[in-house]
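Asks: The structure is given below, and queries will be raised subsequently.
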Amino acid sequence: LRILLLLAVVGIAGVLGAVFGAYYAIKDNLPSIVELENFKPKLITAVYGQSGELIREFAEQRRVEVPYDQIPDILIKAIVATEDSRFFSHAGIDFKGILRAARSDILKVLRGQRPQGGSTITQQLAREMFLYKDLSLRRKLKEMVLARQIEKKYSKQQILALYCNHFYLGHGVWGVESAANLFFGKSVKDLTLEEAALLAGIFQ
């Protein structure tokens, strides 16, 4: 029993040492989250005639930014329920979600499927803004560290606003306002419950 206990302690110490070693190895090479404040996304440039009719739009990315208070509560709830159900209670990393995803991913890998991971909304934002999308432990650790930094500096509402405005939602549109206009012909603030649920599903 003593030997097993000793082996368990050594094993835990080894894992903790590896995690802290990896953290200190990557923390000095991370981008600064201050860039979020200076982030200027590519928006649509619209040309109107004298009577106010739209003549032409020019855009590399079809995106119209909207503030948090113009994103309907039903869409916020749908995104949180779909992407990160504990978003308002965790501090950037959902360890329960990671454990649940790890169990699921082991089965997926055994079946030859792509693992899903266990990224929170904040981690997804960190990945999209600062990192790359390849599946590696190093990237995952960077994602987690950046997510913690973002959560310390920004409110949950600010994080959700960035999330809703930044992501690509298909057919050449970025952000929920452009997506609502493309798919439903209306502003995001006018979405019905069913439309909000469908839009939240596109994020996944």
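The values are calculated or read from the model by the stated rules, or taken from the named source; none is laboratory data. These numbers were taken from a predicted model, which means no experiment stands behind them. A quick note on method: Cβ atoms are made from the backbone with ideal geometry, for glycine too, and the neighbour counts reach across all protein chains shown. What goes into the accessible areas is simple: the full protein's heavy atoms, side chains included, and nothing from ligands, DNA or RNA. Shrake-Rupley method; radii C 1.70, N 1.55, O 1.52, S 1.80 Å.
Asks: Determine, yes or no, whether ASP134 is acidic (Asp, Glu), over 13 Å from the mean Cα position of the chain (by Cα) and either at pLDDT 75 or above or part of a helix (DSSP H, G or I) (or both).
Replies: In short, no.
Asks: ASP105 - would you say it is in a loop (DSSP other than H, G, I, E, B) and modelled with pLDDT under 90?
Replies: Numbers: in a loop (DSSP other than H, G, I, E, B): no; modelled with pLDDT under 90: yes.
Against the criterion (in a loop (DSSP other than H, G, I, E, B) and modelled with pLDDT under 90), ASP105 does not qualify.
Asks: Just the residues that are free of Cβ contacts under 8 Å to residues at least 60 places away in the same chain and either open to solvent by 30 Å² or more (accessible area, probe 1.4 Å) or assigned to a loop (DSSP other than H, G, I, E, B) (or both), please, taken from segment 170-180.
Replies: Restricting attention to segment 170-180, the residues satisfying the condition of being free of Cβ contacts under 8 Å to residues at least 60 places away in the same chain are 170-171, 179-180.
Answer for segment 170-180, where residues must be free of Cβ contacts under 8 Å to residues at least 60 places away in the same chain and either open to solvent by 30 Å² or more (accessible area, probe 1.4 Å) or assigned to a loop (DSSP other than H, G, I, E, B) (or both): GLY170, HIS171.
Asks: Right, next: Considering segment 186-198 alone, what residues qualify as being surrounded by fewer than 22 Cβ atoms within 10 Å (Cβ to Cβ) and assigned to a helix (DSSP H, G or I)?
Replies: Within segment 186-198, LYS189, ASP190, LEU193, GLU194, GLU195, ALA197, LEU198 qualify.
Asks: Let me ask something additional. With PHE167, PHE203, PHE183 as the choices, which residue is surrounded by fewer than 22 Cβ atoms within 10 Å (Cβ to Cβ), over 24 Å from THR120 (Cα atoms) and among the aromatic types (Phe, Trp, Tyr)?
Replies: Numbers: PHE167 fails: over 24 Å from THR120 (Cα atoms); PHE203 fails: over 24 Å from THR120 (Cα atoms).
The unique qualifying residue is PHE183.
Asks: Quickly run through segment 77-93 and pick out the residues that are surrounded by fewer than 17 Cβ atoms within 10 Å (Cβ to Cβ) and either touching an Asp or Glu at 6+ places or on another chain (Cβ under 7 Å) or not in a helix (DSSP H, G or I) (or both).
Replies: SER85, ARG86, PHE88, SER89, ALA91, listed by residue number.
Asks: Please tell me if LEU162 is at pLDDT below 95, out of contact with any Gly (no Cβ under 8 Å at 6 or more places or on another chain) and open to solvent by 20 Å² or more (accessible area, probe 1.4 Å).
Replies: Yes: the conditions hold for LEU162.
Asks: Another question, if that's okay. Which condition breaks for ALA147 when tested against (1) over 20 Å from ARG86 (Cα atoms); (2) open to solvent by less than 60 Å² (accessible area, probe 1.4 Å)?
Replies: (1)
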